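Working notes for the structure below.
Derivation of every value follows stated rules applied to the coordinates shown; laboratory data play no part. Bear in mind that the values here come from a model prediction, so they are computed numbers and not experimental data. Cβ atoms come from the backbone with ideal geometry, glycine included; neighbour counts cover every protein chain shown.
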Amino acid sequence: MPIRPILRYPHPGLKTVCTPVTSFDSALSELADDLLQTMRAAPGVGITAAHIGVFQRLTVLELDKAYGVRICVNPDIIWFSNETMVHMEGSVSMPGATDEVVRSKAIRFRYQDLEGQQHEEEASDFLAVCIQHEVDQLDGIFWLQRLSRLKRDRLIRKWEKMKG
C-alpha cells in the first residue's frame, strides 16, 4: 500500500473522463488501498483514481472517523436537489488553494462496492458536496471549473505564486 504521487494542477490528466471499472479483483482492492493511504498523507477527505493518474471511476472518501472509509466504484449521481449550499472546496491536486463553490445540498447517488455489488444512497450537506466534487473529477471536471471566471483566474494566479 504505497503512497502514490498526486497529479498537480494544471496536469492535463485532471481533465480526463474516467472509464468504468469492469474488473472487481485484487488489483482494484489494492488501488483503493493505495488511494486511501495517498489521501491520508495528502491530507484530504476524498480522492479519485484520476488524482494519481489512473483513469478509472474509483473514489475513496473518509470525512471523519465516525463516517469511516467509503469506497465508491463507478459512482453516478442520479438526482440533485434544487436547494443549494456554499462550501469551501479545494483539491489534493492543488494543495493550499481553496474557494467557495455552490453545489446541491442533497443528492441521490448509485455506486458499486469492491465486490461489484450495487448500492443507492442519499446524501446531504458535506457528504453531498464531497460526492459531487469527486464525481465531477471522474467526469473530467476539475473543481475550478465550478468557479466564476474572475474567482478562477484569481485563484490560479495565487496558486502559481504559492508553488513558486
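Summary table below
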| read-out | value |
| --- | --- |
| Residue-span extension gain [F24 to E160] - 0.36 nm each, minus C-alpha spacing | 45.0 nm |
| Residues F142, F55, sorted so that the one with the fewest Cβ neighbours within 10 Å comes first | F55, F142 |
| Pairwise centroid distance, computed over Cα atoms, of the range 42-119 with the range 10-39, Å | 13 Å |
| Residue-averaged [θ]222 nm for the chain, counting only DSSP H segments that reach four residues, each worth -39500 (n - 2.57) | -9000 deg cm²/dmol |
| Nearby lysines by direct alpha-carbon distance to K15 (threshold 26 angstrom, same-chain neighbours under 8 apart not counted) | K105, K151, K158, K161, K163 |
| Order of I47, I77, I3 - criterion: other Cβ atoms within 10 Å of each residue's Cβ, fewest first | I3, I77, I47 |
| Neighbour-count order for M162, M85, fewest beta carbons within 10 angstrom listed first | M162, M85 |
| Label selected from [x] 16.0; [y] 16.5; [z] 17.1, the criterion being Kirkwood radius over Cα pairs in Å as computed here | [x] |
